[in-house]
There are 2 protein chains.
Amino acid sequence: MIHERKRRIEKIQRQLLALNMEACLISTSVNLLYTTGQVVSGYHFIPAEGASTLFIRRPEGFRLEDIPTFGIRKPEDMPGLLLDHGQHIPSRMLVEAGEMSHTDWLRLQACFASSELVDGTRALRYVRSVKTDYELDLLRASAAAHVRAYAKIPSVYRPGMTDIDFSIEIERLMRLEGNKGLFRTFGDMEAFMGSVLAGDNAAAPSPYDFALGGAGDPSNPIGANGTVLQKGHSVMVDMCGNFTGYLDDITRSFSLGKLSEKAYRAHQVAIEIEDAIQERMVAGAICEDMHQLALDIASKAGLSDCFMGSTQQARFVGHGVGLVINEPPVLALRAKDPLEAGMVLAVEPKFVIEGVGAVGLEDTYIVHDTYCEKISHLESGIIDLLA
Amino acid sequence: MIHERKRRIEKIQRQLLALNMEACLISTSVNLLYTTGQVVSGYHFIPAEGASTLFIRRPEGFRLEDIPTFGIRKPEDMPGLLLDHGQHIPSRMLVEAGEMSHTDWLRLQACFASSELVDGTRALRYVRSVKTDYELDLLRASAAAHVRAYAKIPSVYRPGMTDIDFSIEIERLMRLEGNKGLFRTFGDMEAFMGSVLAGDNAAAPSPYDFALGGAGDPSNPIGANGTVLQKGHSVMVDMCGNFTGYLDDITRSFSLGKLSEKAYRAHQVAIEIEDAIQERMVAGAICEDMHQLALDIASKAGLSDCFMGSTQQARFVGHGVGLVINEPPVLALRAKDPLEAGMVLAVEPKFVIEGVGAVGLEDTYIVHDTYCEKISHLESGIIDLLA
């Protein structure tokens, strides 16, 4: 981990120099995990050049062998410790203002009264979006375990189950295969492990910015809502794959017996969209172009009105994954950013068919210079649970 | 829900008047859930007097019959809509600055440039800490389901299990009993459903402010870490009870065969502490007094050094519960606030015994004017999984 930590900190330092920043102060769990290898409570001070310093509130006594670490009780302890140990107080410093609460920000600004604090949320998310080889291996391992769990899904189906019953058994399969359970998101989205959408519940709009909705429960309106699994309906399983701390994303569609002709056709169009995106998803490709490609194929098939939802339609067809489920980049309209080698994206073309439910799929891909590597190797077709 | 919604909004309005505020603008999922009955993405504008207004970004088309609701695309849409519909722009307004990101706060301040925005996080958490009768019934129902699931825990133990294996089967029991899975916290704490602590892993310090730690995993350092369940060790199960959207909290200790004399003695002291607190936990009691009482009993028993942890000790012995697992009030030193009827607290005296693991327990109580109502009715003793 020492070498990996060094690489990640150097990536942040290159970004700091590019932004003309003297330092950044990491404070969120995800970026402390990213820069230290473990979630801690505290702050990581990273100057644009030279060694970083770690300030730990908890666990008490936590130390890293390669990074000078000081125990603190409160953020106000930091400036003095920095000065005592040869660092200077930066005049411009990145902080995670897009994730830190306003009151925490005020407190930090008071601690570093002479520093201009600049929001680094986007810059740090961008740094994290291009993975190191070490991270790519963790994502490959997560996807491989995810695939093993998904392959067992048909074995836990029992007649008369509700979507929640089915979800519970799938959650257990995932956990037994090593899934850590925690479903980390950026922003206000909340979900428990993932979603199972049966029948027309797939059309229920959600407050969250996931690809599809589902009524869920008033206290967490997403996914399964107690719908009994019924003949002629589809069941879409979109459970996040947190097997290594890195989250891959896979969706597969199942059926109870035979679905409507339209549902199979839409599923084939989803496969076609994913294949078309996969072919183009190399370094240099522009995100919005791949979204437009998806819209064009859906439109040519006459399925625009049920692509990525029906009562409410998601405005993206793919998203970065990593320590959280929704990293940049996003394959969405007006996303002008080019892909870079080392980015990892989940591509998830989906349709909601009235009277049937959701169909389509999702796979996770690594972007390389001249090709795109699929890391979720699993049968793409709709699997009949009654077969 | 209409009557209940009205009651909750009136509680907030009384608080606004007491704080001399003209309005508050709710924006977090938890307080939108509290004031509407469902998680939505948007804002709830509540003036100190008169009708509130709901602004909904998603789900598209969401409406409530009793609250004027407007669809918006962005927060900038709000001021104009308020003025168009007979509201005025408040000169002083509470916002959730303790939970909202600094960048979101800046954007809101720009929308309401003439308003002084004041942090209402604490005030809203205080309002939520005193439950309505409707909420108390949901907490009683959650605890009852939680107890049913906990009673089945011994049935899923199998020799050779790790703490993670055991946790997976308990998670399934909880889910089958209706647990929604989601473990909502205030602040930076993250956990998947709860924690199972076996043997000396109970002593591992965590970055989170939970009562006990456990090494967990670097990406979520809390609870189970793969420890094989072994004879002579304890297993503490502290899974949160989100069965109704309201979270009760119960911990029970299990053993694999016989534990050390000291472990049983400490467990008895924990029961004694909980009983002593229960007797005093009525309206008007001061939080810190109950924490001091716990410290005194632990000290008298010669167990101060392992009370609420050993390598790192939690500085509280109880906490409010509700829509999140850590609501006010907290039974902690320097907590001068008096209890009020309708508050709901989890009391969790715990000890970490070297070579054995964690012992102790946790129950959830409703504070009344003259007594304290236990809502988690379950055997208190250590249950032998090998018996």
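Using a 10 Å cut-off around each Cβ of peptide B:213-222, what is the average number of partner chain Cβ atoms that fall inside?
Average neighbour count from other chains, rounded to a whole number: 6.
Helix A:287-300 sits at what angle to the longest principal axis of chain A, using alpha carbons and giving 0 to 90 degrees rounded to 10?
10 degrees
Could you tell me whether the protein assembly as shown comes out rounded, prolate or oblate from its Cα gyration tensor? Rule is a ≥ b ≥ c as square roots of the eigenvalues, rounded for a/c under 1.5, then prolate if a/b exceeds b/c, otherwise oblate.
rounded
Longer than 27 Å from Cα to Cα, which of A:Lys131/A:Lys374; A:Lys6/A:Lys336; B:Lys231/B:Lys262; B:Lys180/B:Lys262; B:Lys152/B:Lys350 are they? Say none if no pair is.
Exceeds cut-off: A:Lys6/A:Lys336; B:Lys180/B:Lys262.
What shape does region B:84-240 have by the C-alpha gyration tensor, where a ≥ b ≥ c are the square roots of the eigenvalues, rounded means a/c under 1.5, and otherwise prolate means a/b greater than b/c and oblate the rest?
Judged from the Cα gyration tensor, region B:84-240 comes out prolate (a/c at least 1.5, a/b above b/c).
222 nm [θ] for chain B, helices only, -39500 (n - 2.57) per DSSP H run of 4+, per residue, to 500?
Estimated from H runs of four or more residues: -9500 deg cm²/dmol.
Could you size up the charge dipole of the protein assembly as shown around its Cα centre, putting +1 on the beta carbon of Lys and Arg and -1 on that of Asp and Glu, and report it in debye to the nearest 20?
Its charge dipole is roughly 260 debye.
Return the average number of partner chain Cβ atoms within 10 angstrom of each residue Cβ along peptide A:102-108.
Taking the mean over all residues of the peptide, I get 6.
Say a label goes 7 Å from Cα toward Cβ at B:Glu279 in every copy; what distances in nm does this one have to the rest, shortest first?
Ordered by increasing distance: 7.9 nm.
Can you list, shortest first in nanometers, how far A:Arg7 lies from the same residue in the other copies, with each label 7 Å from Cα toward Cβ?
Output for A:Arg7: 5.7 nm, nearest copy listed first.
Using the Kirkwood radius over Cα pairs, work out the Stokes-Einstein diffusion coefficient for chain B at 4 °C and 1.567 mPa s, in µm²/s as a whole number.
59 µm²/s
Across peptide B:175-182, how many C-beta atoms of other chains are within 10 Å of each residue C-beta, on average?
5
Could you state the angle between the C-alpha long axis of helix B:261-280 and the longest principal axis of the C-alpha atoms of chain B, as a value from 0 to 90 degrees rounded to the nearest 10?
Tilt relative to chain B: about 40 degrees.
Among A:Val156, B:Leu94, A:Met281, flag the residue with its Cα farthest along the positive direction of the charge dipole of the protein assembly as shown, charges on Cβ as +1 for Lys/Arg and -1 for Asp/Glu.
A:Val156
Translational D (Stokes-Einstein, µm²/s) of region B:2-128 at 37 °C and 0.692 mPa s when Rh comes from the Kirkwood sum over C-alpha pairs?
228 µm²/s
So the label point sits 7 Å from Cα along the Cα-to-Cβ vector; using that for A:Ala18, what distances do you get to the other copies, in nanometres, sorted shortest first?
5.1
Relative to the longest principal axis of chain A, what angle (0 to 90°, nearest 10) does the C-alpha long axis of helix A:2-18 take?
It is inclined by approximately 80 degrees.
Mind checking the dipole of chain A: about its Cα centre, +1 per Lys or Arg Cβ, -1 per Asp or Glu Cβ, Debye to the nearest 20?
The calculated dipole for chain A is roughly 480 debye.
Need one word for region A:192-246: rounded, prolate or oblate. Basis is the Cα gyration tensor (sqrt eigenvalues a ≥ b ≥ c); a/c below 1.5 gives rounded, then a/b vs b/c decides.
Here region A:192-246 falls in the oblate category.
Using the 2.2 N^0.38 Å rule of thumb for compact globular proteins, work out how region B:260-387 stacks up: its C-alpha Rg over that value, please.
Ratio of Cα Rg to 2.2 N^0.38 Å: 1.03.
With charges only on Cβ, +1 for K and R and -1 for D and E, what is the dipole size of region B:2-128 about its Cα centre, in debye, rounded to 20?
360 debye
Just to confirm my numbers, what's the Cα centroid distance between region B:330-367 and region B:100-163 in Å?
The distance from the Cα centre of region B:330-367 to that of region B:100-163 comes to 17 Å.
Among B:Leu19, B:Phe192, B:Ile2, pick out the residue whose Cα is farthest towards the positive end of the charge dipole of chain B, where Lys and Arg carry +1 and Asp and Glu carry -1 on C-beta, about the Cα centre.
Highest projection toward the positive end goes to B:Ile2.
Using Cα pairs closer than 8 Å and at least 6 residues apart in sequence, work out the relative contact order for region B:130-384, in percent.
24 percent
Every number here is computed from the coordinates shown, using simple stated rules; none is lab data. All values reported here derive from a predicted model rather than from experimental measurement. Ideal geometry is used to build each Cβ from the backbone, glycine not excepted, and the neighbour counts take in all protein chains shown.
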